[in-house]
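Asker: I have a structure here, written as structure tokens, and I will follow up with some questions on it.
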Amino acid sequence: MALLSARLLIQRGRPKSDRLGKIRSLDLSGLNLLSEDLDPKLLSRLKQLQELDLSDNQLETLPADLGLPHLQVLHCDNNQLNNVTTLCQFRQLEELSLEGNPFLTVSDSLKVTFLLPELRKFNGKDASTTRSKAENLNRELTTRVRMISEELVASGGTHTHETDTPEGPHKATATQEPRARHVALRRPSDTPLSLSPEKRVCASPLGPVEGSPVGSDSGQLEPLHFLQCHSKNNSPSDLKTQLWACAFEPAWDEGQAGATSQTVATCGGEAVCVIDCQTGLVLHKYKVPGEEFFSVAWTALTVVTQAGHKKRWNVLAAAGLRGLVRLLHVQAGFCCGLIRGHRKAIATLCFSPTHETHLFTASYDKRIILWDIGTPNQDYEFQASHLLTLDTTSTPLRLCPVAPCPDAYLLAGCEGGCCCWDVRLDQPQKRRVCEVKFVFSKDSEASGQRVDGLAFVNEDVVASKGSGPGTICLWSWSQTWQGRGSQPTVAVVVLARLQWSPTILAYFSLSTCPDKGLVLCGDEEGNVWIYDVRPLLAQCSPPQAAVQAPTQILKWPQPQALGQMVTKTMVNTVVANPAFTYLTALTDSNIVAIWRRCEP
């Protein structure tokens, strides 16, 4: 039975009448209505309707033919609207409210003033200001178009302009250029790099490297691709879009010897990209205008098809500024699940290594939430459930399930230090506070310092960064936990300290490659610091007092090698695939850098 009926409209309509044609005001707020619930045949019978309230529903769009010729006031707050073009049917609309629709952007606000010539009030404010901005923008664009047209006529040439694709996938084929713009390395004797928006795929010569190759069997790392795939409007001049996180897709044959992946997901700005590291092609691109993605994480689900067959399906979770988690069907290019639970932006997220449907999200609202995303239904839709809430005293920056007991404890690097929570689901409390805070120095001032890097090197050793300038700390989980007693604050048992950049800047995320015993971290000069800690951890002697030097430092290519567009960059995130055949680094200048390990 349809959710909306003539009886319901009469009950919620004003003035009271037994005829739909006499209703002038209608309140349909808070009914969890979907777009398909708005039946044009039924609503078009409201011939005299002047005011309609559709707030607090689940509307993604409004039908284009609702047939409400006298509508003057429309409230659509707190929905999921992603398009305003259908509002043009309400030519007499004088008052409109669209607050709380996270998918609408500033451009949509400007657009409504063109669509609705009689609009006087927009989101509770005078619409004349917005209309003035839109008119100025329109004049500016008109002037630019006229200038371009005149230049074309004068030159007799043609210009090719690449338009941005709508939200959805973009798969590169053998005859189709990727949306990413390659920044090709060149020798000093080469001609200058063209900064046109044309795409190019070029092999890259070796960049300068300090130190010896990592491991005797690892071979040399060579820079392979430098991509600009997160640029606003695909502009080659965009060097400001901040890239935040990347994660390698689980290998399809994960668990077998030698299983690895060469597909990496990156996020930054309003886009999430999935890149083939070998070819440099952007296989898929998912965009949400107005969003800024801060974190991505993969999980491999086992689903059962309608025919009863089991199928493995990799799902990508992405989150950021709007505080929403999007579960992405990467190959199809659409969002198949949306999780709401945080009041502020989500800083980071990660899946449990033992429960494929368990997802941790950490937010600037100082909460960490554990979700069970479940398995999708036949329409590839998720319905997530809330399992736990973990309260923090400062913003959580990095999440790290404890390797030897991931179902029992969760570590988090926070603005105020490193904390640990009990996440066992057989405990009755569904809201919990930090159980233990780990400190890295007896100095009370240093004990509360930010921890912005956190990862397990193996089943026992943790690598963390931020507790002291210029170093990365290796410490033992088991020895620290055994000496904890009932104390709420525990000093970690340090095994070694690794030399790193002396910069005072923060938020350079470290990562590890446990299968190879590696620790990786970028710095403010565009370098990648690589540490092979296997020899260090294999020593039976007491912890090393001296700070250990890196095994290798990958130097960022010189400015002339990348063209004059890149003069200086910071590498804030570095991740390698499990087999350490590919390494991906993200910069603050909108460049995704990919290195490949050459076999010796």
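The values are calculated or read from the model by the stated rules, or taken from the named source; none is laboratory data. Being a predicted model, the structure only gives us computed values, none of them experimental. Quick reminder, even Gly has a Cβ in these numbers, built from the backbone with ideal geometry, and neighbours come from all protein chains shown. All accessible areas refer to the heavy atoms of the entire protein, side chains included, with ligands and DNA or RNA removed. Shrake-Rupley method; radii C 1.70, N 1.55, O 1.52, S 1.80 Å.
Asker: Suppose the chain between Lys125 and Val304 were pulled fully straight at 0.36 nm per residue; how much longer would it get relative to their current alpha carbon spacing?
Answerer: 59.3 nm
Asker: Find the centroid of the Cα atoms in the stretch 333-400 and in the stretch 463-514, then give the distance between the two in whole Å.
Answerer: So the separation of the two Cα centres works out to 26 Å.
Asker: May I pose another question? Just to be sure I understand the model, the point goes 7 Å from the Cα along the line to the Cβ. What's the resulting Gln378 to Leu537 distance in nm?
Answerer: 4.8
Asker: Given the pairs Lys366/Lys437; Lys111/Lys232; Lys344/Lys437; Lys16/Lys47; Lys437/Lys465; Lys232/Lys287, which are separated by over 21 angstrom at their Cα positions?
Answerer: On the way: Lys366/Lys437 15 Å; Lys111/Lys232 19 Å; Lys344/Lys437 24 Å; Lys16/Lys47 15 Å; Lys437/Lys465 15 Å; Lys232/Lys287 11 Å.
Cα-Cα > 21 Å for Lys344/Lys437; rest within.
Asker: Calculated FRET efficiency, Asp27 and Asp515, Cβ-Cβ r, R0 60 Å, to nearest 0.05?
Answerer: 0.50
Asker: Further question on the same structure: In the stretch 355-459, which trypsin sites (Lys or Arg not before Pro) fall in coil by DSSP and have 14 or fewer other Cβ atoms within 10 Å?
Answerer: Arg424, Lys430, Lys442
Asker: Right, another one. What size of dipole, in debye to the nearest 20, comes out for the stretch 388-431 about its Cα centre when the only charges are +1 on Lys and Arg C-beta atoms and -1 on Asp and Glu C-beta atoms?
Answerer: Dipole about the Cα centre, nearest 20: 60 debye.
Asker: Still on this model: Computing the accessible area with a 1.4 Å probe over protein heavy atoms, can you report the carbon and sulfur percentage for the stretch 480-552?
Answerer: 55
Asker: Which peptide among 321-330, 62-71 comes first, and what is the full order, when sorted by highest mean count of other Cβ atoms within 10 Å?
Answerer: Output ranking for 321-330, 62-71: 321-330, 62-71.
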